[in-house]
1. Within region B:153-171, count every residue that is aliphatic (A, V, I, L, M) and part of a helix (DSSP H, G or I).
2. Please find, within region C:98-152, the residue that is surrounded by the fewest Cβ atoms within 10 Å (Cβ to Cβ) out of those that are basic (Lys, Arg) and not in a loop (DSSP other than H, G, I, E, B).
3. In region A:172-213, which residues are modelled with pLDDT of 90 or more, out of contact with any strand residue (DSSP E or B) (no Cβ under 7 Å at 6 or more places or on another chain) and within 26 Å of A:Leu137 (Cβ to Cβ)?
4. I'd like the full set of residues that are touching a strand residue (DSSP E or B) at 6+ places or on another chain (Cβ under 8 Å) and either within 7 Å of another protein chain (Cβ to nearest Cβ) or at pLDDT 95 or above (or both), limited to region A:35-50.
5. For region A:10-79, list the strands (runs of 3 or more DSSP E) that sit wholly inside it and hold at least 1 residues that are closer than 30 Å to C:Thr81 by Cα; which are they?
6. Of all residues in region B:266-294, which are in contact (Cβ under 8 Å) with a residue 40 or more places away in the chain and small (Gly, Ala, Ser)?
7. Against the definition (buried (at least 23 other Cβ atoms within 10 Å of the Cβ), in contact (Cβ under 8 Å) with a residue 12 or more places away in the chain and either more than 10 Å from chain B (Cβ to nearest Cβ) or within 19 Å of A:Gly112 (Cα to Cα) (or both)), how does A:Phe55 come out, yes or no?
8. Return yes or no: is B:Val71 within 12 Å of chain C (Cβ to nearest Cβ) and either among the charged types (D, E, K, R) or within 30 Å of B:Phe275 (Cβ to Cβ) (or both)?
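The values are calculated or read from the model by the stated rules, or taken from the named source; none is laboratory data. Since this is a predicted model, take the numbers as computed values, not measurements. Glycine gets a Cβ as well: all are built from the backbone with ideal geometry, and neighbour counts include every protein chain shown.
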Amino acid sequence: MINHLFTTNELKVEEIQQILADAMKFSEGMVWKPEGQMFSANLFFENSTRTKCSFEVAERRLGLSVIPFEVQTSSVQKGETLYDTVKTLEAIGVNTLVIRHGQDRYFDELVGRVNIPIINGGDGCGHHPTQSLLDLLTIYQEFGRFAGLKIAIIGDIRHSRVARSNADALTRLGAEVVFSGPEEWFDQHSLSSQKFKPIDEAVLQADVVMLLRVQHERHQKKGSFTAADYHRQFGLTLDREKQMMSHAIIMHPAPVNRNVEIADSLVECKRSRIFKQMENGVYVRMAVLKRSLESIQGGYTNENSYSERQLSSI
Amino acid sequence: MINHLFTTNELKVEEIQQILADAMKFSEGMVWKPEGQMFSANLFFENSTRTKCSFEVAERRLGLSVIPFEVQTSSVQKGETLYDTVKTLEAIGVNTLVIRHGQDRYFDELVGRVNIPIINGGDGCGHHPTQSLLDLLTIYQEFGRFAGLKIAIIGDIRHSRVARSNADALTRLGAEVVFSGPEEWFDQHSLSSQKFKPIDEAVLQADVVMLLRVQHERHQKKGSFTAADYHRQFGLTLDREKQMMSHAIIMHPAPVNRNVEIADSLVECKRSRIFKQMENGVYVRMAVLKRSLESIQGGYTNENSYSERQLSSI
Amino acid sequence: MINHLFTTNELKVEEIQQILADAMKFSEGMVWKPEGQMFSANLFFENSTRTKCSFEVAERRLGLSVIPFEVQTSSVQKGETLYDTVKTLEAIGVNTLVIRHGQDRYFDELVGRVNIPIINGGDGCGHHPTQSLLDLLTIYQEFGRFAGLKIAIIGDIRHSRVARSNADALTRLGAEVVFSGPEEWFDQHSLSSQKFKPIDEAVLQADVVMLLRVQHERHQKKGSFTAADYHRQFGLTLDREKQMMSHAIIMHPAPVNRNVEIADSLVECKRSRIFKQMENGVYVRMAVLKRSLESIQGGYTNENSYSERQLSSI
């Protein structure tokens, strides 16, 4: 069976643990390569630096040959559908695809019709599983567990792919998730099992303050907040940071709107794991690519290249 | 002498046979690499998925280092000519170029002035030799010969680079080519030696039904056909497919306009070789690149990597 | 200490000599590779063929893995700053960056805050150190020295990154630099130590006639010259070329506006080193990348791969 990765919801807890364990090993120097020359392509129908470059690094670390694909100069401009584009790349020998697309659940039309594994790099306002997994890895690295942790996810809940993916996975792994931010951006239906709290209360009690990006590009009309207003009401200000517990950490999927979601000087403060998240993104994506490629053929691990560490407690 | 590839017309029958023989060997696993590190670049002044990605895969399979070149961010935007761009890439050490350009016979100004082999990836409404060669390979794989085959090329003859290239090569290899489609899109002069037939007759008698893409982007003004009209009058409908001989196959250079040139459900039907054509594109391009690179230096074949098959009958 | 390269002004004479010595060795076949897999990325916020492709070739010759970065499809489009973009690439494991940016001294905000070496591929109307170094290499190859040479830099002095970088370096290396071109394009303040001469006098006495590109894209309003006017008044015409000393050479950073800065037929004449400059660009960029990478980790030279030549006289 082909191991696609479309959402974290579809991953069993054991599968999440396996991916995190592999990611940990990659962070410690594990070398894994598929057999023979394997090809990947990254189809990004939306702008990206972090996710795309992170996959590009991960693919090359695994020794893959990456076929460049630019939407703007592809036959998509001649009206070719996503399905036909994907089948074309499959036909010419690409072995795995990463896709980011503005349409929610773009992958539904591909499932069962494509013979190569697809990794979702973000779909509309839907899911962003590798972002979620890198967040999980960062939290696990910090605390060595999920059970009992309090995670406050703060901001533009409704438009966030990250909020959706993380709330589900963290809850299943035993953490407690609360939301905060503008109430009008909180979608009661899709996140009904979660609690909503005022920001000052959420920040005070959280082991992890996870800020979301205000996604200007997804708001149909100009929001009702100025940057300064948003920052004062819902951002991590210098004052709110002082209220955090001493061991608590700050996370943000980036790109950061400085002085909106978070005070400029906190982006690289001691509590911040924002750049650590980016680093972890590479390891998680290597693990996810390994999982996909192993579902279609073998690979080999150079066992001498790293010292395995016990991860049974994830 | 440098082995450029601009048109199939300029290739002798023996040269076509040699390229097809090499492509067959690549499809069977032959490994050929040039000596030392060799560089290629793909200059696509028109949009493409299939052709560009196919060359990108072919180049990497041959172990070439591919230098990315994006027209939109190049000095072409400062007014640099094609000649100066090509000479620049030659000067910095690129060993072979693939060029697609909107101008017919763009290569005429390059011949004799450039010291690296150029492969034409499509010129205006002129030629598209690697598409033609992959069509030939697909037909040969199917029938084991060209002599005596009836090939119906149907559609937008006048704007098609494929029609032009294929008609010439197939005729020289012993096949019989007939054309069909809108009569106003049939250019009497350039294709005068070929026959024009009504579509139902053409489909009935053909061993190969080769459909052409309606190239909206090349029609100066909106054509006189709606999609439904075109499909009914000149498309491969479900009814027409039933009239085909039992052994006959369907080909299309893609991207397909579904339900225009061909009924949606026929694109991946048993007769269809549309995705096989794409796969063959990689082998043909590997063969063409090998031919070009061998004209400027040596290379080596790993003879043990495949079992050679007799191709004397091509 | 990290070896960035922002301007040639900041390089000591000995450092320039070391880079040129390494570039000469690379031109003679020296092989140098960093240890392990190293990543680079080329961030070009302005259009380029020569500089970008030249770095792409240089990086691959050194065995680097190049992470593609297209400004137009990056998070820069979401408003991400240069600093955050650079820190992101650092976090995901990119080991060195080449940046071209339209803002003068864009690098000032990066110095001391970034832990990977940055090579300036051109900043606004400021500097273009690798262009300057390749010009120096081309001159040294020709004359075997700088002391006592007369270099005439002719054209759009004010907007030229090359004029600025070259005037400083050449003077420090012992050459005499004179400027010519439209007087209104000559910035007295920034180049006060240099001499301005009428073009015919400058051409007559020069060992090197270094033409500058008329940078249409940098002139705020349409200049006061037609192409023909400029050519007649300030260009290297066929007549002026005849006045050059027999041993004198012609240089131009390209892309050339043919029949503006230089008569069309002189671009590839015997005196012209314009394409030699491009070839040298690769060697110089290999040397500069080597210098940067050596400042963060080791590397190895295959000593048997070339015959070292004495370069003590640079």
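1. Going through region B:153-171 one residue at a time, the tally reaches 5.
2. At the first step, the residues of region C:98-152 found to be basic (Lys, Arg) are C:100, C:105, C:113, C:145, C:150.
Remaining after also requiring not in a loop (DSSP other than H, G, I, E, B): C:100, C:150.
Working: C:Arg100: 24, C:Lys150: 16.
Once the filter is applied, the top-ranked residue is C:Lys150.
3. Passing the criteria: A:Arg172, A:Leu173, A:Gly174, A:Leu204, A:Arg213.
4. A:Gln37, A:Met38, A:Phe39, A:Ser40, A:Ala41, A:Asn42, A:Leu43, A:Phe44, A:Ser48
5. Qualifying strands (runs of 3 or more DSSP E): A:39-44, A:65-67.
6. Passing the criteria: B:Gly281, B:Ala287, B:Ser292.
7. So A:Phe55 fits the description; yes.
8. Working: within 12 Å of chain C (Cβ to nearest Cβ): yes; either among the charged types (D, E, K, R) or within 30 Å of B:Phe275 (Cβ to Cβ) (or both): yes.
Yes: the conditions hold for B:Val71.
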